[in-house]
Amino acid sequence: GAVVSQHPSWVICKSGTSVKIECRSLDFQATTMFWYRQFPKQSLMLMATSNEGSKATYEQGVEKDKFLINHASLTLSTLTVTSAHPEDSSFYICSASWGGPGEQYFGPGTRLTVT
Amino acid sequence: DAKTTQPPSMDCAEGRAANLPCNHSTISGNEYVYWYRQIHSQGPQYIIHGLKNNETNEMASLIITEDRKSSTLILPHATLRDTAVYYCIVRVAFHGSGNTGKLIFGQGTTLQVKP
């Protein structure tokens, strides 16, 4: 099956700094990538949808200037959490799709802790 | 996208079939039923999807009622490794023409497989 990787798998940063998370589709070209956030004991919440070469579409309530998404190639999307605060601590998960029928493939997630 | 309703939790004995129900009474004619599962602290894993016919793959079977208002995911011989949160999601399968193919996760069913 298709494989999606994320890097790093976990990161600890200080409040006020920025953190970049990478999402890669390893064996297919992803025309669309999605970013989710998951707090403890809660479900996944979609943050944004990104298509290669165009601006991301953010879900209502998600600050686009705080969560910068870049989808520069068909195999790589990045999420940058800018000026991170402790409340941004969460599990961030990406998924990728080639746009056809069927499933999205999810990465293993990145656990962000902001101190 | 249509909403789904799932029981919050279920138990199943190891080796027995696990039957997970899902109600989606407002599903549209072009919306598919998707099932994903999430094992603790991992990204979601695709299980199966279908439109109106029953589907089976190496992981599970999907039974969709004739009126498409509900479905059941069947894990034929549950193992301890099947303990996870199972999500039933309905969405349009094909991207394009303004359809992003995004998945909206509900609270899912926590399946506990017991020895």
All Cα pairs of region A:1-54, percent lying beyond 13 Å
72
Estimated vicinal HN-Hα couplings, Hz - region A:43-51 in sequence order (Karplus 6.51, -1.76, 1.60; Gly, Pro = x):
7, 6, 10, 5, 9, 6, 10, 10, 10
Cross-link candidates for residue A:55: which aspartates and glutamates have Cα within less than 17 Å, leaving aside residues fewer than 8 places away along the same chain?
A:22, A:63, A:65
How big is D, in µm² s⁻¹, for the protein assembly as shown by Stokes-Einstein at 4 °C and 1.567 mPa s if Rh is the Kirkwood radius over C-alpha pairs?
71
Considering the convex hull of the alpha carbon atoms of region A:49-115, report its projected area averaged over all viewing directions, in nm², one decimal.
5.2
Strictly greater than 19 Å: what percent of every Cα pair in chain B meets that?
42
Placing +1 on each Lys and Arg Cβ and -1 on each Asp and Glu Cβ in chain A, then taking the dipole about the Cα centre, the residue among A:97, A:29, A:4 whose Cα reaches farthest towards the positive end is A:4
Regarding region B:21-89, what's the average projected area of the Cα-atom convex hull, expressed in nm²?
4.7
How much FRET efficiency would the formula 1/(1 + (r/R0)^6) give for residue B:39 and residue A:98, where r is the Cβ-Cβ distance and R0 is 41 Å, rounded to 0.05?
0.95
With a cut-off of 13 Å, note down the residues of region A:77-97 whose backbone N falls inside the zone around a label point 7 Å from the Cα of residue A:113 toward its beta carbon.
A:89-91
Over 30 Å between alpha carbons, listed pairs A:41/B:69; A:14/A:64; A:64/B:3; A:20/B:52; A:64/B:69; A:41/A:66:
A:20/B:52; A:64/B:69
With +1 on the Cβ of every Lys and Arg and -1 on the Cβ of every Asp and Glu, the dipole magnitude of chain B about its Cα centre, in debye rounded to the nearest 20, is 180
Taking every DSSP beta bridge with both residues inside the protein assembly as shown, roughly what % is antiparallel (nearest 5)?
90
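Any read-out appearing in this document is the output of simple, stated calculations on the displayed coordinates, not a laboratory observation. Everything numeric here is computed off the predicted structure, so don't read it as measured data. Using ideal geometry, Cβ is built from the backbone for each residue, glycine included, and neighbour counts are taken over all protein chains shown.
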